[in-house]
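The values are calculated or read from the model by the stated rules, or taken from the named source; none is laboratory data. If you're wondering where the values come from, they're calculated on a predicted model, not measured in any experiment. All Cβ positions, even for glycine, are placed from backbone atoms using ideal geometry, and neighbour counts span all protein chains on display.
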Amino acid sequence: MKRVYVIYQGTTFSVSGRDPEDLRQEIMDAVRKGEPHWLRVNYGEGTPAATDLLLAPGIGVALSIPGGGPDGEFNEEDEAVPSFGSAGPLKGSATGDGMPSVGEVAKDA
């Protein structure tokens with residue numbers, strides 16, 4: 001199992017011993033339900049502290065898998081994804097990065 005980094009409201013945490021796809025699915029399921037959900041992660045270097053992150057609509061969360069993904073490489077399509085749509089940033093995107101916010105994903109469910 002690879003270490004997966006969870007970027008939560010701009011702070012980096014880590015999760016180890018879990019399949020990245022299972023972790024992604026847990027987050028997506030929580031967001032789709034639209035109810036608060038606690039995600040157990042690690043915080044810190046050396047001896048990390050177990051930390052629970054609250055997942056709820058409007059809270060920014062991202063996953064980073066060292067090596068680029070399950071196959072270890074980025075695809076050409078990944079590099080070509082624009083950071084903005086033709087009409088600008090997605091509605092609700094706090095950073096204007098073109099990615100939907102957790103609240104937008106919950107509304108789509």
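Conditions (1) more than 17 Å from the chain's Cα centre (by Cα); (2) modelled with pLDDT under 90; (3) exposed (fewer than 12 other Cβ atoms within 10 Å of the Cβ), marked per residue:
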residue: M1; (1), (2), (3): yes, yes, yes
residue: V6; (1), (2), (3): no, no, no
residue: P48; (1), (2), (3): yes, yes, no
residue: P100; (1), (2), (3): no, yes, no
Output the residues belonging to region 2-46 that are closer than 14 Å to L63 by Cβ and in contact with an Asp or Glu (Cβ under 8 Å, 6 or more places away or on another chain).
-> L39, V41
Only residues that are in a strand (DSSP E or B), closer than 18 Å to K2 by Cα and of a type in the set (G, A, S): list them for region 14-67, please.
-> S14, A50, A62, S64
